[in-house]
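The values are calculated or read from the model by the stated rules, or taken from the named source; none is laboratory data. If you're wondering where the values come from, they're calculated on a predicted model, not measured in any experiment. For neighbour counting, all protein chains shown are included, and Cβ atoms are generated from backbone atoms with ideal geometry for every residue, glycine included. Just the protein is used for accessible areas: all its heavy atoms, side chains included, with ligands, DNA and RNA removed. Shrake-Rupley method; radii C 1.70, N 1.55, O 1.52, S 1.80 Å.
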Amino acid sequence: MYLYVLGAVVVYYLYRWLRELARVGDKATKHVYITGCDSGFGNMLAGHLDSLGFSVIAGCFTEKGEEDLRKRCSSRMTTAHLNVRSQESIAKVAAMIKAKVGERGLWAVVNNAGVATPSSPWDWLTFEDYKGMMEVNIDGVVAVTLSVLPLIKKSRGRVVNVASVFGRVSACSGAYCISKYAVESFTDSLRISMLPFGVKVCVIEPGFFRTAVTAYEAHWQSNQRIWEKMPQAVRDDYGPDYLQKVEPIIKSVPKMADADLMKVVHCMEHAVAGVSPRKRYSPGWDAKLFWLPLSYMPSCFVDYLLTFSAIPPAKAIK
């Protein structure tokens, strides 16, 4: 009996592997719009897809990001200033894309832009802290997608959204996990809506990788800034040395993160270029072996595991 089950599993994975080998053709005629290309996954994906022959439209927040891509990529590369917080900026880029792709339509949009700070305890934060992250991580994703969705329907193309394992497990405070859960839900509902039109919708759920999202400096400076401006009563709840106690934990996160960003980029590339893309990609061994299994565990177990080594506030109930 067990051998039959094992055999069925082996056959399934072999079939899936063979099915996923095929790549789309006519790459030069296929335009791919990527957000958040200044650094990290977006920057690497833009260069990688350009090297494969795709016509990339890279949305960058800074002039430096645009210049970097133009210098090292082919003449097919188009860069654009993009602020996903601004409807005007999103609409301007969408109009440029429409003029460029014409009746062929847009092959794919990769919603990669995102921020990870502030991720402090909830009682440290204000509504503005929450709102700022949501504007980028989910409002921007929806706004960018809707701005080019008619063009993607024309080509029967792809929408690729970058979420996180923290869209499965709420392992930190602040709006980051909320925004990534929202990206997961938006992706699922969009995938169902677009099925009749032949549009494929995929989500990337990376584990810990060494990018700006896990950078010590950004998280430490963010926590320091919030600590200094929050009410004295809240600081008293945690104790005057609380921030110094949690600093080693903040420092340890980048050390645990995987430095091989191409594991994520290859998943993104397959979502864009594969004839049969997956609905979900979970790059990183921590995603596959820890975070995703943890997401199916009972809440009491998850709570215990996530708080086991946490630094207790000074006024924590004993």
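State whether one or more residues within region 174-190 are acidic (Asp, Glu) and assigned to a helix (DSSP H, G or I).
Scanning region 174-190 turns up at least one residue that is acidic (Asp, Glu) and assigned to a helix (DSSP H, G or I).
Could you list all residues from region 263-303 that are among the hydrophobic types (A, V, I, L, M, F, W, C), under 27 Å from Leu21 (Cα atoms) and surrounded by fewer than 16 Cβ atoms within 10 Å (Cβ to Cβ)?
If the condition is that a residue be among the hydrophobic types (A, V, I, L, M, F, W, C), under 27 Å from Leu21 (Cα atoms) and surrounded by fewer than 16 Cβ atoms within 10 Å (Cβ to Cβ), then Val275, Trp285, Leu289 are the ones that fit.
Exactly one condition in (1) surrounded by fewer than 21 Cβ atoms within 10 Å (Cβ to Cβ); (2) among the hydroxyl-bearing types (Ser, Thr, Tyr); (3) under 23 Å from Ile57 (Cα atoms) is false for Thr187; which is it?
The single condition Thr187 does not satisfy is (1).
Within region 119-131, restricting attention to residues that are more than 13 Å from Ile178 (Cβ to Cβ) and touching a residue at least 12 places away in the same chain (Cβ under 8 Å), which residue is nearest to the chain's Cα centre (by Cα)?
The qualifying residue nearest to the chain's Cα centre (by Cα) is Ser120.
Tell me which residues, restricted to region 62-109, are part of a helix (DSSP H, G or I), aliphatic (A, V, I, L, M) and in contact with a Cys (Cβ under 8 Å, 6 or more places away or on another chain).
Once the filter is applied, which keeps residues that are part of a helix (DSSP H, G or I), aliphatic (A, V, I, L, M) and in contact with a Cys (Cβ under 8 Å, 6 or more places away or on another chain), region 62-109 yields only Leu69.
So, Asp129, is that one open to solvent by 20 Å² or more (accessible area, probe 1.4 Å), assigned to a helix (DSSP H, G or I), modelled with pLDDT under 95 and not aromatic (Phe, Trp, Tyr) or not?
Judged against the criteria, Asp129 is a match.
If you take the residues of region 242-254 that are closer than 12 Å to Pro313 by Cβ and open to solvent by less than 70 Å² (accessible area, probe 1.4 Å), which of them is nearest to the chain's Cα centre (by Cα)?
That would be Val246.
Val169 passes all but one of (1) in a loop (DSSP other than H, G, I, E, B); (2) closer than 26 Å to Ala94 by Cβ; (3) open to solvent by less than 30 Å² (accessible area, probe 1.4 Å); (4) of a type outside the set (D, E, K, R); which number fails?
(2)
Could you list all residues from region 110-126 that are part of a loop (DSSP other than H, G, I, E, B) and under 16 Å from Ile34 (Cα atoms)?
Answer for region 110-126, where residues must be part of a loop (DSSP other than H, G, I, E, B) and under 16 Å from Ile34 (Cα atoms): Asn112, Ala113, Gly114, Val115.
Looking only at region 1-35, count how many residues are out of contact with any strand residue (DSSP E or B) (no Cβ under 7 Å at 6 or more places or on another chain), touching a residue at least 12 places away in the same chain (Cβ under 8 Å) and of a type outside the set (A, V, I, L, M, F, W, C).
3
Within region 263-286, can one find any residue that is of a type in the set (Phe, Trp, Tyr), farther than 24 Å from Arg168 by Cα and in contact with a helix residue (DSSP H, G or I) (Cβ under 8 Å, 6 or more places away or on another chain)?
no
Where in region 245-318 are the helices (runs of 4 or more DSSP H), entirely inside, with at least 2 residues that are touching a residue at least 60 places away in the same chain (Cβ under 8 Å) and of a type in the set (Asp, Glu)?
It comes to none.
Please verify whether region 203-216 includes one or more residues that are part of a helix (DSSP H, G or I) and either touching a residue at least 60 places away in the same chain (Cβ under 8 Å) or open to solvent by 10 Å² or more (accessible area, probe 1.4 Å) (or both).
Yes, the conditions are met somewhere in region 203-216.
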